[in-house]
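Read the structure below first, then the notes.
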Amino acid sequence: MSANRIAPDNMTQAQAAVSSPRTVPSLAAGTRLYFDSQHQRWVIKAPHQVVFLDPVSLDVLRACDGERNLARIALCMDALNHRPGRAWLDVVKDVVRHFEARGVLRCRLDAGALVQDQAQRPLQSLAERMLEGRSSTK
């Protein structure tokens, strides 16, 4: 095996966590998500970095509340109709992986207790809350 290839056995715990749909992401300490009225854009501010967000990244980061796992966030993205039928779990994993590498997010594996609670909440109300937050900033 060449040195530049990473075997699955050599994956770090963080890499393994983000590859699981049961991963629960949340904003890292010292990170803030807010609307910058001067630039009229959403911003994520973390130590030593400021990032202007595109609509998909914004909705993914808004859903990273420490309660929803990646599978639930992907369902929510599908309900928001950015691009119906898109492979949202892969998109969500990529966004979370990117922002975790930058230190903006922290991830943990869901032990299963939150899955039952989340399954009882209707998906529509989750999408409505995200859309409501989106419209209240304009």
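Computed from the coordinates by the stated procedures, all read-outs in this text should not be read as laboratory data. All values derive from a computational prediction rather than experimental measurement. Note: ideal-geometry Cβ built from the backbone for every residue, glycine included; neighbour counts use all protein chains shown.
Working only within the stretch 78-90, note down all residues that are under 17 Å from Ser20 (Cα atoms) and not small (Gly, Ala, Ser). Answer for the stretch 78-90, where residues must be under 17 Å from Ser20 (Cα atoms) and not small (Gly, Ala, Ser): Trp88, Leu89, Asp90. Only helices (runs of 4 or more DSSP H) whose full extent lies in the stretch 50-101 are considered here, and the ones with at least 3 residues that are surrounded by fewer than 17 Cβ atoms within 10 Å (Cβ to Cβ) are 88-101.
Taking every residue in the stretch 20-37 that is free of Cβ contacts under 8 Å to residues at least 40 places away in the same chain and of a type in the set (Lys, Arg) and pairing it with any residue that is buried (at least 18 other Cβ atoms within 10 Å of the Cβ) and in a strand (DSSP E or B), at least 6 positions away or on another chain, the pairs with Cβ-Cβ distances below 8 Å are Arg32/Ile44; Arg32/Ala46.
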